[in-house]
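Visitor: Structure in structure tokens, see below.
The values are calculated or read from the model by the stated rules, or taken from the named source; none is laboratory data. Keep in mind it's a predicted model, so treat the numbers as computed, not measured. Positions of Cβ are backbone-derived with ideal geometry, glycine not excepted, and every protein chain shown enters the neighbour counts.
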Amino acid sequence: MSTATAEPTSVSSQFLANIIGKPVNVKLHSGMLYSGKLESIDGFMNVTLSSTTEHYENNDNGLLHKYTSDVFLRGTQVLYISEV
Amino acid sequence: MSLPADILPLEVIDKTIDQPVWIILQSNREFTGKLVGFDDFVNVIIEDAKEWIVNEEHSELVMEHNGRMLLSGNNIVMLVPGGKKDV
């Protein structure tokens, strides 16, 4: 399948099928970085993470927050989702 | 007006797949890495990405990513096939 002619969600779904359940970094436009286990995602890049930690820009920067419950991140605010 | 579309813009990106790419956002953030794929929104998947914040004088490496990254096309301004030569 050519990636160029793929429908909008297919690049993401092909990628995301592989990384669900794995640890990821998600950065928002604000620069906030969320690291956790990817529980689910949709075509809007809405994301839910578990065991999430919050840092600014880089995991080496100080831990800002630790979320014990699942976290939902709104797709419009997501800059990227990256495997760790 | 008819367009004699010898090469469509997205074909240029398509030819960049499996090659280094340099991606510039609306903000002062840039990414370099190997282009894996993209979609019609120009959401992009890059491999082993380096994330930069660019100031007038220098580029600051924010993070090195191992593996694949799905980068939202929402804020992408420019893709440069071949990558960023001066780093």
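Visitor: Has the range B:64-75 got at least one residue that is more than 9 Å from chain A (Cβ to nearest Cβ), under 12 Å from the mean Cα position of the chain (by Cα), surrounded by 12 or more Cβ atoms within 10 Å (Cβ to Cβ) and over 21 Å from A:Gly31 (Cβ atoms)? I'd like the intermediate steps shown before the answer.
Guide: So in the range B:64-75, the residues more than 9 Å from chain A (Cβ to nearest Cβ) come out as B:64, B:73.
Then keep just the ones that are under 12 Å from the mean Cα position of the chain (by Cα); that gives B:73.
Now narrow it down to the ones that are surrounded by 12 or more Cβ atoms within 10 Å (Cβ to Cβ): B:73.
After this cut, where a residue has to be over 21 Å from A:Gly31 (Cβ atoms) as well, the list is none.
Looking for residues that are more than 9 Å from chain A (Cβ to nearest Cβ), under 12 Å from the mean Cα position of the chain (by Cα), surrounded by 12 or more Cβ atoms within 10 Å (Cβ to Cβ) and over 21 Å from A:Gly31 (Cβ atoms), one finds none in the range B:64-75, hence no.
Visitor: Further question: Can you work out which of the residues in the range B:76-87 that are within 14 Å of chain A (Cβ to nearest Cβ) and among the β-branched types (Val, Ile, Thr) is surrounded by the most Cβ atoms within 10 Å (Cβ to Cβ)?
Guide: Filtering first and then ranking leaves B:Ile76.
Visitor: Quick check on my filter: what residues within the range A:30-84 are hydrophobic (A, V, I, L, M, F, W, C), surrounded by fewer than 16 Cβ atoms within 10 Å (Cβ to Cβ) and more than 13 Å from every other protein chain (Cβ to nearest Cβ)?
Guide: The answer is A:Leu63, A:Leu64, A:Phe72.
Visitor: Across the range B:1-45, what is the total count of residues that are part of a helix (DSSP H, G or I), more than 27 Å from B:Met63 (Cα to Cα) and without any contact (Cβ under 8 Å) to a residue 40 or more places away in the chain?
Guide: Total meeting the criteria: 3.
Visitor: Can you find, within the range B:46-58, the residue that is nearest to the other protein chains (Cβ to nearest Cβ) among those that are out of contact with any Lys or Arg (no Cβ under 8 Å at 6 or more places or on another chain) and in a strand (DSSP E or B)?
Guide: B:Ala49
Visitor: What's the total number of residues in the range B:29-48 that are more than 10 Å from B:Leu70 (Cα to Cα), of a type in the set (A, V, I, L, M) and buried (at least 24 other Cβ atoms within 10 Å of the Cβ)?
Guide: 1
Visitor: Please determine whether any residue of the range B:50-62 is crowded, with 18+ Cβ neighbours inside 10 Å and in contact with a Leu (Cβ under 7 Å, 6 or more places away or on another chain).
Guide: yes
Visitor: Of everything in the range A:72-84, what is within 24 Å of B:Phe31 (Cβ to Cβ) and either at pLDDT below 95 or not polar (S, T, N, Q) (or both)? Give them in sequence order.
Guide: A:Leu73, A:Arg74, A:Gly75, A:Val78, A:Leu79, A:Tyr80, A:Ile81, A:Glu83, A:Val84
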